[in-house]
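We did not get these values from a lab; they are worked out from the coordinates using the rules stated. Just so you know, these numbers come straight off a predicted model, no measurement behind them. Cβ placement follows ideal geometry from the backbone for every residue including glycine, while neighbour counts extend to all protein chains displayed.
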Amino acid sequence: MRIRLDLAYDGSAFHGWAAQPRLRTVQGELQAALATLLRVESVAVVCAGRTDAGVHARGQVVHLDVEEPIDPAPLVRRLNGILPADVRVHRAVEAPGGFDARFGALWRRYAYRIADRAESVDPLTRNHVLAWPRPLDLDAMNAASALLVGRHDFASFCKQREGATTIRTLEELFWVRGEDGVLVGTVRADAFCHSMVRSLVGCLIAIGEGRQPVSWAGEILSAEARNPAVAVVHAHGLTLEEVAYPADAELEARAVQTRAKRIAGE
């Protein structure tokens, strides 16, 4: 039986999602809690997107397999009774046939939050919003963002892994200023490579400050090579907000299609 869990976490005190020896990670905490609850030696979980150290999530999705069918409904209350306060399970359901949290996803949506005005810097949200000391031009950032949308080789914005593809489809990238004055960047793509979102934001901040022209974003993208002038911004301003999946009848086909692409590209 496959179970889907929807969870949220504050990434401030974690060394990222992926389990690592002697380091506190979200996966490590979740797997330990599940092992305790299910009274087994170990449990493996698969997530929709591995977040880096310090990155938060409101809409992370994972799946796990159990040998014997169980009622997943009580898992929410029971897991939250074991897990630390910076990880919360919001939903537990039996996954439909063909569901795969990683390969079945259509897209992942992240938000990056920046307070670029003194009156917008709230010490109560300092672990989730980047405080930037200079004002940013929203229109310039949106004009530059439009140059990056589409299917491209994002090698200029990714930390390379040997043999891995850096071609991604960036479906949305735009910025709005909330009523509290905080800039919120929405970034949605079929998948992301390592440090991609934070590098995109670093590029756009340089343009928003006026240090680079709008066209610079397109120039960096076209180079298909890392440029030290593009900063990888701090992780704490980034949150995984949502992961989308196709209709149940299309889940298996989507997972097969995505897995084939990954194998060919990686």
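Brief remarks on what is shown
- Prolate/oblate/rounded call for the stretch 180-250, Cα gyration tensor, a/c under 1.5 rounded: prolate
- Potential extension, ALA35-ARG177 segment - 0.36 nm per residue separation minus Cα distance: 46.8 nm
- As a rough guide to protection, the peptides 66-76, 124-134 ranked by mean Cβ packing within 10 Å, highest first, stand as 124-134, 66-76.
- Under a Gaussian network description of the chain, with springs only between Cα atoms under 10 Å, the residue in HIS236, HIS152, HIS56 that fluctuates furthest is HIS152.
- Selection of trypsin sites (Lys or Arg not before Pro), the stretch 1-103, meeting DSSP coil and at most 11 other Cβ within 10 Å: ARG22, ARG39
- Legend note: in the chain, cysteines whose Cβ sits 4.7 Å or more from every other cysteine Cβ are CYS47, CYS203.
- Label-zone membership for the stretch 1-15, site ILE70, 7 angstrom Cα→C-beta point, backbone N under 13 Å: 1-5
- FRET efficiency, 1/(1 + (r/R0)^6) with R0 35 Å, evaluated for ALA249 and LEU138 via beta carbons: 0.25
- Rg/Rh (Cα only; Kirkwood hydrodynamic radius) as it applies to the chain: 0.99
- Inter-label distance, ARG2 to VAL256: 1.3 nm, where each label sits 7 Å from its Cα along the C-beta direction.
- Counted charge near ILE205, where neighbours are those whose Cβ lies closer than 11 Å (Asp, Glu -1; Lys, Arg +1): 0
- Whole-Å distance, taken between Cα centres, linking the stretch 137-164 and the stretch 212-260: 8 Å
- For the pair the stretch 95-125 / the stretch 1-51, the C-alpha centres are spaced 18 Å from each other.
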